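To start, the structure under review is shown below, and the notes come after it.
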Amino acid sequence: MGILLGVSLGLYALFLAVDYRWNWSGVWNYRAEFVRGWFTTLGVSLAAMLVSVVAGFALMAGRRAPFEPLRMLCGGVVEIIRGSPLLVQLLLGYYIVAEALRIGSPLVVGTLLLGVFHAAYLAEIFRGAVESIGASQREAARAVGFDRNQMYRFVIIPQALRRALPGTTGQLVSLLKDSSLLSVIGIEEVVKKVQIMNAATYSALEGYIPLALAYLIVTLPLAHLARRLEGRFAYET
């Protein structure tokens, strides 16, 4: 808390030293649009988080499946998604794939594309956590008579969850910030609203300060919650 206060005071002193005429009346006049855009960002991000976790788990399971074509398919999807920028995937996905499939809602397309993009990264986080469980754990589970499903349910998944938590939290925070790119396909989320506000009020910087604060209001508590969960799930190895 002290570090955050010190950083805030330092930034405030920096703003005072900048030779710029601040005009906050435009930000205040567009406050309703800003709030509307922020709720759009939160809604899309939460839906995309759900998509990313479900799809990430499915891709992880596919990469560990005994059926080789399924492993190759899921591995190829993960590598292709991770190997190209999100901005390119949004443009291609909306203007080509969604157009061919007759999906006309930017919100639906943007949510799915954002979720699938981060699902590829979560799949690797989940896979790394599962594969980090030692072979002795599996052998002990078989020794007490667990089948494959029971072994994953009672032995592997609980331990993998603890190990995947930090990386998963970081990826979900990145998802929230990456939602700012959805403006390229016409979604008026909070960044797009700020750009409209700046253009209408002929201002350059005023809108980006509340924008940064709006993201910090969500990302900082999310990071704090993750640290608390890590401490709660911690155990001695």
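Values quoted throughout were computed directly from the atomic coordinates according to the rules given, and no laboratory measurement underlies them. Worth saying up front: this structure is predicted, and the values here are computed from it rather than measured. No Cβ is skipped: glycine too gets one built from the backbone with ideal geometry, and neighbour counts run over all protein chains shown.
Mind checking the full-extension length gain between L220 and E131? Use 0.36 nm per residue of separation minus the Cα-Cα distance, one decimal, nm.
29.1 nm is the gain from fully extending L220 to E131.
Do you know the relative contact order of the range 31-233, to the nearest whole percent, from alpha carbon pairs under 8 angstrom that are 6+ apart?
Numbers: 206 pairs, mean separation 61.2, N = 203.
Value for the range 31-233: 30 percent.
Span-like helices, the chain: DSSP H, alpha-carbon axial extent 27 Å or more, mean Kyte-Doolittle -0.5 or greater, which ones?
Working: long enough: 31-63 (46 Å, 1.11); 106-131 (37 Å, 1.29); 157-178 (29 Å, 0.08); 208-233 (37 Å, 0.87).
Span-like helices, by this rule, are 31-63, 106-131, 157-178, 208-233.
Could you sort 180-191, 129-140 so that the peptide with the highest average Cβ count within 10 Å comes first and the rest follow in order? Intermediate values should be presented prior to the final figure.
On the way: 180-191: 20.2, 129-140: 13.5.
Listed from highest to lowest mean packing, they are 180-191, 129-140.
Summing Lys, Arg as +1 and Asp, Glu as -1, what charge do residues with Cβ under 14 Å from the Cβ of V44 carry, V44 excluded?
Values: positive: R36, K177, K192, K193; negative: D178, E188, E189.
The answer is +1.
Taking K and R as +1 and D and E as -1, what net charge do the other residues with C-beta under 15 Å from the C-beta of G186 add up to? Don't jump to the answer; show the numbers that get you there.
Details: positive: K192, K193; negative: E99, E188, E189.
That sum, taken over residues with Cβ under 15 Å, equals -1.
Please arrange K193, K177 by how many other C-beta atoms lie within 10 Å of their C-beta, fewest to most. Write out the running numbers ahead of the final one.
Working: K193 23, K177 13.
So the residues, fewest neighbours to most, are K177, K193.
Calculated from DSSP H runs of 4 or more alone, at -39500 (n - 2.57) each and per residue, what is the 222 nm mean residue ellipticity of the chain, nearest 500?
Working: 11 runs with 175 residues, N = 237.
Taking each H run of at least 4 residues, the total per residue is -24500 deg cm²/dmol.
Pick from L92, L161, L101: which residue has the top mean-square fluctuation in a GNM of the chain where Cα pairs under 10 Å get a spring?
It is L101.
Once you put a point 7 Å from the Cα of F57 and another 7 Å from the Cα of A140, both along the Cβ direction, what distance in nm separates them?
Each label point lies 7 Å from its Cα, and together they span 2.4 nm.
Just grab the label-to-label distance for L14 and F154, each label 7 Å out from Cα along the Cβ direction, in nm (one decimal).
In this crude label model, L14 to F154 measures out at 5.4 nm.
Restrict the search to the range 175-222; then list the chymotrypsin sites (Phe, Trp or Tyr not before Pro) that DSSP places in a loop and that have at most 16 other Cβ atoms within 10 Å of their Cβ.
Working: sites: Y202, Y208, Y215; in loops: Y202.
Sparse-neighbourhood loop chymotrypsin sites (Phe, Trp or Tyr not before Pro): Y202.
Taking only the alpha-carbon positions of the chain and ignoring solvent, what does the Debye formula give for the base-10 log of I(q)/I(0) at q = 0.07, 0.08, 0.14, 0.18 Å⁻¹?
The computed values of log10 I(q)/I(0) come out as -0.33, -0.42, -1.02, -1.33.
All other residues with a Cβ under 10 Å from the Cβ of M197 taken together, and with Lys, Arg as +1 and Asp, Glu as -1, what is their net charge?
Numbers: positive: R31, K192, K193; negative: E33, E206.
So the environment of M197 carries a net charge of +1.
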